[in-house]
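A short write-up of the structure that comes next.
Throughout, read-outs are computed from the coordinates displayed, never taken from laboratory work. As the structure is a prediction and not an experimental result, all values here were calculated from the model. Virtual Cβ from ideal backbone geometry, glycine too; neighbours counted across all protein chains shown.
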Amino acid sequence: MAAISGANRDVLTKLVPGGALGLAELTDDELLANTRRLVGKSNQLLAALLVHLAEVETRGVHRARRCASLYTYCIYELRFFPKTRRHVARPPRDGSNSFPRR
């Protein structure tokens with residue numbers, strides 16, 4: 001954990017109970033289980049985000065923020081990184097509940 005900068009260590013302390021020291025105290029099995037659980041939570045959050053973005057586009061509310069498209073809304077208002085933008089700026093348009101796969 002020595003490679004973590006001071007600012008990142010502060011963020012880590014807020015996100016991980018016990019912070020960097022708490023991670024160091026985990027067994028390998030606990031670390032892997034926690035990692036799996038975090039990935040699951042991340043996937044759930046991404047699915048919820050995609051549903052919200054689809055509704056933003058359906059309602060056209062991104063235009064109230066002076067964004068001509070959902071893509072520009074994701075770039076300028078939500079500040080997505082380039083790879084992230086491609087993912088979420090195109091929710092399903094056919095009314096299905098399926099989301100694009102990577």
Note, ³J(HN,Hα) from phi for region 55-60, Karplus 6.51, -1.76, 1.60, rounded to Hz, x at Gly and Pro: 6, 4, 5, 4, 7, x
Contour minus Cα-Cα distance for Ser69 and Leu49 (0.36 nm per residue): 5.5 nm
Extension gain (nm, one decimal) between Arg79 and Glu25, 0.36 nm per residue minus Cα-Cα: 16.0 nm
Restricting region 28-74 to GluC sites (Glu not before Pro) in coil, as DSSP defines it, with at most 10 other Cβ within 10 Å: none
